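Data first, discussion second: the structure below is written as structure tokens.
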Amino acid sequence: MKTRLFFIPMMLVPHLVFGVVYRLVRNQADAEDVTQETFLKAFKGLASFEEGRPFKPWLMKIAVNTALDMIQRHNRGATIPLTDVSLSVEVGM
């Protein structure tokens, strides 16, 4: 039953999920990936969804968390080019 109920909102809200995710990741390709991953996670977690509760907030929470995870993964591997680092040494007595 839950699986059938999943597909109705899934057809109606992808653009909403994409919009929220895009504002966070600020990159179309990443937003598309996060949107797809969001629906995969939601489908896999459907057993934990409580019937009678609103679907959209549950899905949006998954979307935001997935986007934040992606941002965190990207930031973990971020480097700063040496040309962007200004080194200053103060000598004081």
Practice item. For HIS74 and GLN28, compute 0.36 nm times the residue count separating them, minus their Cα-Cα distance, and round to one decimal in nm. Key: 15.1 nm
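Applying a 10 Å radius around every beta-carbon, put 47-53, 63-69, 26-32, 14-20 in order of their mean neighbour count, most first. Walk me through the numbers on the way to the answer.
On the way: 47-53: 8.0, 63-69: 18.6, 26-32: 13.6, 14-20: 16.1.
Packing order, densest peptide first, comes out as 63-69, 14-20, 26-32, 47-53.
No value in this document is a laboratory result; all are computed from the given coordinates. These numbers were taken from a predicted model, which means no experiment stands behind them. No Cβ is skipped: glycine too gets one built from the backbone with ideal geometry, and neighbour counts run over all protein chains shown.
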